[in-house]
Each structure stands twice: as C-alpha cells, then as structure tokens.
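Asker: I'd like to ask some things about the structure below.
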Amino acid sequence: MNLLFVNTNQTRMPDPVPPIGLSYLAGAMRRAQHDCDIFDLTFQSQFEEKLKASIRGRKPEVIGLSLRNVDNTAYPKTVSYFEHFQKIVRICREVAPETPIVVGGPAFSLFPEEFMESLDVDYGIAGEGEIALLELLEKLESGDFPTEKIIFHAQGGQVNLDELTPAWDLMETQRYFHDGGSLNIQTKRGCRFKCAYCSYPLLEGASVRQRSPEKVVDEMEYCFNEYGIDYFFFVDNVFNYPREHSIAICDTIIKRGLKVKWTAYTSPGVEDEKMFSIYKEAGCDALDFGSDAMSNVSLATMSKWFTVTKIKEASHWCRKYEINFSHSLIFGSPGETKDSVEETIANVHECDPTVVIAMIGVRLYPNTPLSNRLIKKGWITRKEIGLKPVFYVEESIREFIFDRLLEERQNYSNWIMPGFGKKMKHPMLFERLRNKGAKGPMWKMLA
C-alpha cells in the first residue's frame, strides 16, 4: 500500500529528537513491500501548506500519525500538544477526507481511548506498531474496513528486535545530527523495574527484550559510513541493564575499531568500576542517571531499587573515568519532606555532577503504581488522569520546594529546572555551539 507517515513532533529544545520509533516502523513497512514516505514536522514551523501539498502529491492510501508526547511534562509551565495534533488531523481530513488515518506512538499508547474520542481518526495502535500495523494494512487491503473506530492493542514481545532496520533515508538525518549532536539507537525494549510513576513497562512490556550486540553495532557502522554519524544516543530506558548486554555492545564496538562516542540513559543501581572502564574505552562521553532522588526515604516512596550509596558510587566512577554525567531528580513525590529535600540537595553537591536536572512534581499516567495508589486513596479519579496534564506535588511543602530549588539554581549554574523560571539559555547559544561542532547532549555544555 501507499503510506504517508507524519512525524508530528516539533519540539526542538534543547535539541531536535530523531524519531527512532517511526524510523523503525517505516523500515518494517518497507520490508513488507509497502511503499512509504515520512513527512517530518520537526524542522518546519509553518507546515500546513507543505503537508497539504505532500498529501495531494503522494495520494496515500493510509495516513499514519506518530504522537510522541502528550505534553512537555514540565511543571508548572506545562504545554499541551493536543491542539497541535487536532490541527494536523484537520489538515489531513481537509485534503483527503476518505483516506483512513491511523494514529500511534508513545503518547497515543498511554491514552488510546482518550485520543480516539477526541481526534477525528479511524484507527489507533497502542504499543509496538511493527506487526500490528501490518495486520491492520492486511485488513484494509482485503477490503475488510471496520465500520467503527478500532484500537489495536499490540502485545510487547512479538517484534523480533534483530529485524529492526531504521529508515533514516526518509528523513533529514544529517540535519538531525548537526542540530542535535547525535543520532538515536535502541538496543532493547521493555523494563523489569517497577518505579512508581513510570510508564515504560506499560509502553514496552515488563520484561526486557534485547537486540544482539552485533546487530546494534551493525546499525551504528551503517550510520557512520552512510551519514558520517560518530555520536550516538542509546535511548533505552535503562541502557546498563542487563549490565552484560551493554558491556557486550561496548566490546563489539572496541573489537571493530569503531571510532564513535555515545551517551545513554542509565541507572545508578547497576554499576561497577569495570563497567565504567569498558564504557569509556568504547566511547562513552556522557551518562544521564535516572536517580529521581538522593534521599533513601524518597527513593523508597518512588519504588526505586537502589540506595543513595549506589548513586554516590556511580558518580565517583564517572568522575574517575572523566565521563560527563547528570542526575535527573523529581522533587515533591508523595511523602517528600523538608528534610528529604535537604538531604537530596546535600548529596547532589557531594556527587558533584556535570549538571542536575530538577523537576518539580510527578506527572501522573494511567495504570502506573503511583496513580493506582492515589486513586485508591481518593486523591484523584481515573477519569481525571487524562490528556490534560496532572502532577502530584506534596502539598505540605509545595511552596518550600519552589523557593528552595530557586535558591539552588541562583547559586549553582549547573542546576537545570525545566518548566520553572527563566529558560536555560537562549536558543541561539545552542545553534552556535552546534555550528562549532559540539556533539552529545547539550546539558554537558551548560554547566
């Protein structure tokens, strides 16, 4: 079939995000002999007429919309993307009123019923799309058009991850690399951890499924040779679990003599000196630790499985091996106190990260352990957890948290607080740094 995918994401701060999920999805469709193209909104602030022209010119039999985020997840300056999605659907309907519209992506997968009720679309795919979309297309090709809107709930684990082939040739890959400093790559899906607020197990499954290290490095080599990409971002929710899998990837990079650098999301709970030594040898330049807190009380409340001691050890090894590192923290979780806030701040200074990314409030998503707990307590209803962003902030210390973190940001330039107060720095600075060849996460250059 003739397919047109639309990458709806336009967020570019601090960096444009290469749509890896859509890239793998398009690759899967082409393997199945479907003809597809991608209309990417990332670099187009004014896109309406160009999108219309693309639809008219291609005359797709199916239009697929990829929804990455529901909102910017930054409290209190929260920005919803729902009206933006509505505008895109309206354009598609105006130009091609009879063409089926299929919507998917992480945002849709979190709120499938809500999006189907609120957007004028025909079908939705919640979860992995590589197989589910093929099944839908088979029905449409055979003339089996359902008369009602349908959501396909894809089950995690069906997709053979070693068959993933990114369709980067359908996008401005080199511009993503120039403007964003890296290219995304995925080495696994799923998460076995049960962090109270996290949606990853809901999106990808509660068990970890791995790509073979050889296939991962094959993809890196291809991008290096084809596009000159020499900096990668492992976008797994936890790159260093299983530890042995991440080390095997690094060993493969080293054995092949691939001269690249990389960054990743990691957990401070899975680490030792050998791991950091191998990471460094394989080109590790920066790590973002999803620590969430540096108080054992707060860590327990968020169902984190590691302790402050492990966070300090991970920080120590990063400093020893000269790896840039950030700690992402969430303040105001249930049970947070003034003492736990002060303990976290004190331990941040002891860890001495390149930057600390401090978020205030926990964004609630349906079916997470924290949301279920709050519903049971009567703090919120399931219906209230929807497309309109809802954050939990411990009420007894709400004002204290804002004032205390503002003080830290004023005193320490390496404190980044999305959604609160002034912007990190002017976007023109980011552009200048990238034009000078700066690569990797922008946060490591903001300290």
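Asker: Return P(r) of the chain (all Cα-Cα pairs; 10 Å bins starting at 0; whole %; ordered from short to long distances).
Answerer: 4, 20, 31, 28, 14, 3, 0
Asker: In addition: If packing is taken as the mean number of other Cβ atoms within 10 Å per residue, what is the order of 311-317, 400-406, highest first?
Answerer: 311-317, 400-406
Asker: Continuing with the same structure: Any cysteines in the chain with zero other Cys Cβ atoms under 4.7 Å from their Cβ? List them, or say none.
Answerer: If one checks each Cβ against the other cysteines of the chain, C36, C92, C191, C223, C250, C284, C318, C351 turn up with nothing under 4.7 Å.
Asker: If I model a spin label at L429 and Q410 as a point 7 Å from the Cα along the Cα→Cβ vector, what separation in nanometres do I get?
Answerer: Result for the modelled spin labels: 1.9 nm.
Asker: Follow-up question, since we're still on this one. Given the C-alpha centroids of region 352-417 and region 213-239, what is the distance between them in whole angstrom?
Answerer: Using only Cα atoms, the two centres lie 33 Å from each other.
Asker: Using 1/(1 + (r/R0)^6) with R0 = 30 angstrom and r between the beta carbons of N296 and D251, what's the FRET efficiency to the nearest 0.05?
Answerer: 0.30
Asker: Beta carbons within 10 angstrom, averaged per residue: use that to sort the peptides 429-437, 389-397, highest first.
Answerer: Final packing ranking: 389-397, 429-437.
Asker: Okay, next question. Give the calculated FRET efficiency between L134 and D162 to the nearest 0.05, with a Förster radius of 25 Å applied to their Cβ-Cβ distance.
Answerer: 0.90
Asker: Over 19 Å between Cα atoms, which of K194/K320; K50/K149; K280/K444; K280/K439; K194/K383; K255/K320 qualify?
Answerer: In this structure, K194/K320; K50/K149; K194/K383; K255/K320 exceed 19 Å between Cα atoms.
Asker: Shifting gears a bit: For E394, what is the net charge nearby, where nearby means another residue's Cβ is under 12 Å from its Cβ and Lys, Arg count +1, Asp, Glu -1?
Answerer: It works out to a net charge of -1.
Asker: Right, here's the next one. Dipole size in debye (nearest 20) for region 172-445 around its Cα centre, Lys and Arg Cβ +1, Asp and Glu Cβ -1?
Answerer: Using Cβ point charges on Lys, Arg, Asp and Glu, region 172-445 gives about 620 debye.
Asker: Which order, highest average first, do 338-349, 178-189 follow once you tally other Cβ atoms within 10 Å for each residue and take the mean per peptide?
Answerer: Numbers: 338-349: 17.5, 178-189: 21.7.
Ranking, from highest mean packing down: 178-189, 338-349.
Asker: If you take the beta carbon distance between H84 and K52 as r and set R0 to 22 Å, what does 1/(1 + (r/R0)^6) give as a FRET efficiency, to the nearest 0.05?
Answerer: 0.85
Asker: Quick one: length gained pulling E117 to K59 fully straight, 0.36 nm per residue minus the C-alpha distance? Don't jump to the answer; show the numbers that get you there.
Answerer: Numbers: separation 58, 0.36 × 58 = 20.88 nm, distance 2.63 nm.
That pair, E117 and K59, stretches by 18.3 nm at full extension.
Asker: Using the alpha carbons of region 2-153, what is the convex hull volume per residue in cubic angstrom, as a whole number?
Answerer: 108 Å³
Coordinate-derived values only; no laboratory data. From a predicted model like this one, the values you see are computed outputs, not experimental measurements. Backbone-built Cβ (ideal geometry, glycine too); neighbour counts: all protein chains shown.
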